[in-house]
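Student: One structure follows; several queries about it will come next.
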Amino acid sequence: MTTTLAKTIKGLVMVSALLATPIAASAESIAVSPTNIAVPNSGKQTTVTVKADGRQSSVVQLRVVAWTPGQDPNNVRATRDVVISPPMAKLRPRQELTARVVRTKRKAVRGQECYRVLIDRLPGKEQSGQDVKLRVRHSVPLCFTS
């Protein structure tokens, strides 16, 4: 009985120590709109807005990858048929960026061509002392239709 009581007390002490340990967490994030993009008939371009939320600057990387609807959103492949500008930016707190997305493929769209716009918030200075660094990714479906 004393062994069980000792193990219980030891467990409670360990849990208390973990709960008392300060955890550095970053509340910095980005917001992306729209969350789904459809470009109708003969449209070749659109825009995506990225907004830095929080009190720190945010570094974002933007790119477009080919994707098949109904497939896993992580099952993508590199493409040059659609480009985004700028491909990278540093946003001040609460700053908005409007990125331009352009279909550069010369052939007309037949049916539907789909892509994903990937927007990554890269780890910043506020995460430099942390063992775990977080990269936040937004994956926005983009489809051109005929």
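The values are calculated or read from the model by the stated rules, or taken from the named source; none is laboratory data. In this text, all values refer to a predicted model and were calculated from it rather than measured experimentally. Here the Cβ positions follow ideal geometry from the backbone for every residue, glycine too, while neighbour counts run over all protein chains shown.
Student: Which residues, taken from the stretch 51-64, are in contact with a Leu (Cβ under 6 Å, 6 or more places away or on another chain), under 18 Å from THR35 (Cβ atoms) and surrounded by fewer than 22 Cβ atoms within 10 Å (Cβ to Cβ)?
Tutor: Result: ARG63, single match.
Student: Here's another thing I want to ask about it. Answer yes if at least one residue in the stretch 33-43 is under 16 Å from GLU96 (Cβ atoms), in a loop (DSSP other than H, G, I, E, B), among the β-branched types (Val, Ile, Thr) and under 13 Å from the mean Cα position of the chain (by Cα), and no otherwise.
Tutor: Yes, the stretch 33-43 contains a residue that is under 16 Å from GLU96 (Cβ atoms), in a loop (DSSP other than H, G, I, E, B), among the β-branched types (Val, Ile, Thr) and under 13 Å from the mean Cα position of the chain (by Cα).
Student: Could you check, for the stretch 65-80, whether at least one of its residues is in a loop (DSSP other than H, G, I, E, B), touching a Pro at 6+ places or on another chain (Cβ under 6 Å), modelled with pLDDT of 90 or more and not aliphatic (A, V, I, L, M)?
Tutor: No, the stretch 65-80 contains no residue that is in a loop (DSSP other than H, G, I, E, B), touching a Pro at 6+ places or on another chain (Cβ under 6 Å), modelled with pLDDT of 90 or more and not aliphatic (A, V, I, L, M).
Student: Moving on to the next point. Anything in the stretch 79-103 that is surrounded by fewer than 12 Cβ atoms within 10 Å (Cβ to Cβ) and among the β-branched types (Val, Ile, Thr)? List them, or say none.
Tutor: THR98 - this is the single residue of the stretch 79-103 that is surrounded by fewer than 12 Cβ atoms within 10 Å (Cβ to Cβ) and among the β-branched types (Val, Ile, Thr).
Student: Here is a further query. Sort out which residues of the stretch 106-146 are buried (at least 18 other Cβ atoms within 10 Å of the Cβ), at pLDDT below 90 and over 24 Å from MET88 (Cβ atoms), and write them in order of number.
Tutor: none
Student: Sticking with this one: Which residue pairs have Cβ atoms closer than 7 Å, lie 6 or more positions apart in sequence or on different chains, and pair a first residue in the stretch 90-102 that is closer than 16 Å to THR47 by Cβ with a second residue that is assigned to a loop (DSSP other than H, G, I, E, B) and not polar (S, T, N, Q)?
Tutor: Once the first residue is closer than 16 Å to THR47 by Cβ and sits in the stretch 90-102, its partners that are assigned to a loop (DSSP other than H, G, I, E, B) and not polar (S, T, N, Q) give ALA99/PRO86; VAL102/LYS44.
Student: Please enumerate the residues belonging to the stretch 49-69 that are over 16 Å from the mean Cα position of the chain (by Cα) and over 16 Å from SER139 (Cα atoms).
Tutor: ARG55, GLN56
Student: Conditions first: (1) part of a strand (DSSP E or B); (2) at pLDDT below 95. THR47 passes all but one, so which condition is the exception?
Tutor: The number of the failed condition is (2).
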